[in-house]
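K.L.:
Let me begin by handing over the structure; questions about it come next.
The values are calculated or read from the model by the stated rules, or taken from the named source; none is laboratory data. Keep in mind that this is a model prediction, so the values were computed, not measured. We place every Cβ from the backbone using ideal geometry, glycine too, and count neighbours over all the protein chains shown.
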Amino acid sequence: MKNKTLITVFVVVLALALVFLWALEPGADVEIVDLHAPPIGASTPGKLDIVLRNNEPEPVDIWLDVENAFVDENGISHPTSRVIIPENSSGPWDVDFVSLQKPITLLPGNNSVKARLGYRLPGEYELEVKVSEDSRLLDSASLTVEVQPPELSLKLEYEKVSWKGLERGNDIELYGIYGYLINYGPSLAEDVCTNLSVTEERTGETVFTSSEVYDVGDYDKTTLWTWPDYPYALIEITRSGTSEESYMPVQNVIRGKTGDVFRVNVSSEWGGQTVSTEILVPTEEESVEKSEKKSEEEGGNP
């Protein structure tokens, strides 16, 4: 019994001594030379460029951890260490080179490595890069990554349109409203609340409202519509101001009489950013011209 105790104590002391000696043993001479991450957008892939210098005369296998490289919409950072792309990779996701739970071999001198980044929301994120060898930390460095928000804008335009099956001749003028949600920024904007409001210019009365939700990609634009390939809205002008014409599948239909001018306003909101634009349909000049023509026609009647 006494011998077993002595053996156990000896094994424990030996293990502690080996751990102590391992801790005292210097690791490989590897350092982080440079970190660079170009500004990226939310919900779009980004990358971190890392330059590592191996000061040893022979190749060294290291582990590279990038903390806070992927953050979801709840602010939770997901582990993404090992998703590393060495410079000798022939493609961004070359399975023969992407480091997934395996060390990276650094040749003597400078070595360029890239890591994937991704963030669901705009803002500033602090990256922590750690280089280790056999669980021994060799070097670490931090970098702030800027995730830029979308830059939203709206555009409206209109034109006179014809409609299949419409046979009332000059009694109806139909204007198609076309709208575009434009993103000049690098971030995807999802669930952009977009409101349509139409008022009669002379009375200031709001005669129509509607709301839709749209997505717009980075550096892209989205057409506003309630049905693909149809106008965003239609404005019908008749002498009486009323008609029973159906313009389905267009749901945004505004009806007025000759002489009416409508102020069409569209506004969009996303993440505290609000943009809007508006146009008059028809223009006051077009409305006056139409009213004068109507008066002449009525005056010429016996």
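K.L.:
Out of all the residues in segment 158-175, is one or more within 21 Å of the chain's Cα centre (by Cα) and of a type outside the set (Ser, Thr, Tyr)? Let's see the steps before the verdict.
P.N.:
Taking segment 158-175 and keeping what is within 21 Å of the chain's Cα centre (by Cα), we get none.
No, there is no match, as no residue in segment 158-175 is within 21 Å of the chain's Cα centre (by Cα) and of a type outside the set (Ser, Thr, Tyr).
K.L.:
Shifting gears a bit: Could you check, for segment 238-247, whether at least one of its residues is on the phi < 0 side of the Ramachandran plot, in contact (Cβ under 8 Å) with a residue 12 or more places away in the chain and either basic (Lys, Arg) or not assigned by TED's automatic domain parsing to the domain that holds residue 280 (or both)?
P.N.:
Yes, because at least one residue in segment 238-247 is on the phi < 0 side of the Ramachandran plot, in contact (Cβ under 8 Å) with a residue 12 or more places away in the chain and either basic (Lys, Arg) or not assigned by TED's automatic domain parsing to the domain that holds residue 280 (or both).
K.L.:
Given the criteria in a strand (DSSP E or B), among the acidic types (Asp, Glu) and at pLDDT 95 or above, does residue 157 qualify?
P.N.:
Yes: the conditions hold for residue 157.
K.L.:
Output the residues belonging to segment 115-142 that are more than 18 Å from residue 63 (Cβ to Cβ) and surrounded by fewer than 17 Cβ atoms within 10 Å (Cβ to Cβ).
P.N.:
We begin by selecting, within segment 115-142, every residue more than 18 Å from residue 63 (Cβ to Cβ); these are 117-126.
Scanning segment 115-142 gives 121, 123, 124, 126.
K.L.:
Can you pull out every residue in segment 187-208 that is surrounded by 20 or more Cβ atoms within 10 Å (Cβ to Cβ) and closer than 17 Å to residue 272 by Cα?
P.N.:
Correct list: 187, 189, 192, 194.
K.L.:
Sort out which residues of segment 224-268 are charged (D, E, K, R) and over 12 Å from residue 281 (Cα atoms), and write them in order of number.
P.N.:
Filtering segment 224-268 down to residues charged (D, E, K, R) leaves 229, 236, 239, 244-245, 255, 257, 260, 263.
Those that are charged (D, E, K, R) and over 12 Å from residue 281 (Cα atoms): 229, 239, 244, 245, 257.
K.L.:
Among the residues of segment 281-293, is there at least one that is at pLDDT 65 or above and in contact with a strand residue (DSSP E or B) (Cβ under 6 Å, 6 or more places away or on another chain)?
P.N.:
yes
K.L.:
Look through segment 255-265, keep the residues that are modelled with pLDDT under 95 and within 13 Å of residue 233 (Cβ to Cβ), and return whichever of them is farthest from the chain's Cα centre (by Cα).
P.N.:
If we take residues in segment 255-265 being modelled with pLDDT under 95 and within 13 Å of residue 233 (Cβ to Cβ), then 256 is farthest from the chain's Cα centre (by Cα).
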